[in-house]
1. Once R0 is set to 51 Å, what does the formula 1/(1 + (r/R0)^6) return for the Cβ-Cβ distance between Leu98 and Arg198, expressed as a FRET efficiency to the nearest 0.05?
2. So how far apart, in nm, are the two label points at Phe223 and Leu245 if each is 7 Å from Cα heading toward Cβ?
3. Quote to one decimal, in nm, the extra length available between Leu293 and Ile119 on full extension: 0.36 nm per residue of separation minus the C-alpha distance between them.
4. Mean Kyte-Doolittle hydropathy of -1.0 or higher plus an axial Cα length of 27 Å or more: which whole DSSP H helices in the chain meet both?
5. Taking every alpha carbon pair in the chain, what does the distance histogram look like in 5 angstrom bins from 0, in percent?
6. What residue among Ala283, Ala183, Ala26 shows peak mean-square fluctuation when the chain is described by a Gaussian network model with Cα springs under 10 Å?
Amino acid sequence: MTNPWIEAMRLRTLPVSVAGVIAGTACAIYNHSFNWMPALCCLLFALGAQIASNFANEYFDFRNGLDRKGRDGFRRGVTEGDISPAAMFRAIFVTLFLSAIPGCLLIIWGGWWMVPVGICVAIFAMAYSAGPYPLSHHGLGDIAVIIFFGLLPVILTAWLQDHSPALLGLSVPTGLGVGLLAANVLIVNNYRDADDDRKVGKITTVVRFGRRRMAGVYLAFSFIGLCLLSAPVSGISIFFRLVPLCLIPAAIRNYHTLTNSRGAALNNLLKLTSILLLIASAALLAESIIFALI
């Protein structure tokens, strides 16, 4: 059996955090302003915040009675009895504390306003599953993912390496593209869990709008996201950021898998959706390096 703590980290979804930092770094490199130190700090902070959010999701869903044993998705260590609730609760704050270390180092490049930004990220990590109005329970998880796994990490990573306002013309559409593709990971997760979520009153977008409509959203997000990562912006050559368009056939294949699968069969699609985002961001990085060297 897989180590329950490793399973609770949800490694299949962690490329979502990595992708935003990679895409933001690609924007900075295109602008000839790469700085590996803030980029690394952004990466460590993003990974830590996502793991803390995953831990919080597992703990609070268990506490609120939203999980069941033998579920189709990730094995829930707390629900299955592999991890005690107290241990998971401590792990949330230990992870947040560890992620705050590289987060505080970002003050060197971003100034003290990075403190409220970090606090907002920490609040999101908890508010996704906890608090009086959990975002994931009211159909707001998708919007939150677009902001906190797309727009914010891409814009912030690029800005911390180069404070040029001109970078916004590149990092904003790039961040939106990353965010839409990241939201697809959540759509697959909620698509798989829709029946269980409906029974316990957890209103995700799939529960609210139905599987058929959200499968269409998945396909639309795939096309729009990849096009945003491929579109020439601010005079950029059409050859720059063209590779992500080559991933459209893979996105269409993923869509067909989504519409023809149920339950645990979607776990592999969740991983493939996450990897597609990572590949698209890595392609941006490779192309920006080539473009900067020309």
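Derivation of every value follows stated rules applied to the coordinates shown; laboratory data play no part. Everything numeric here is computed off the predicted structure, so don't read it as measured data. FYI the Cβ positions are ideal-geometry reconstructions off the backbone, even for glycines, and counts take in every protein chain you see.
1. Given R0 = 51 Å and the Cβ-Cβ separation, E is 0.90.
2. Result: 1.5 nm between the two label points.
3. 58.9 nm
4. 36-63, 85-105, 168-200, 267-293
5. It works out to 1, 6, 12, 17, 18, 16, 13, 9, 5, 2, 0, 0, in whole percents.
6. Ala283
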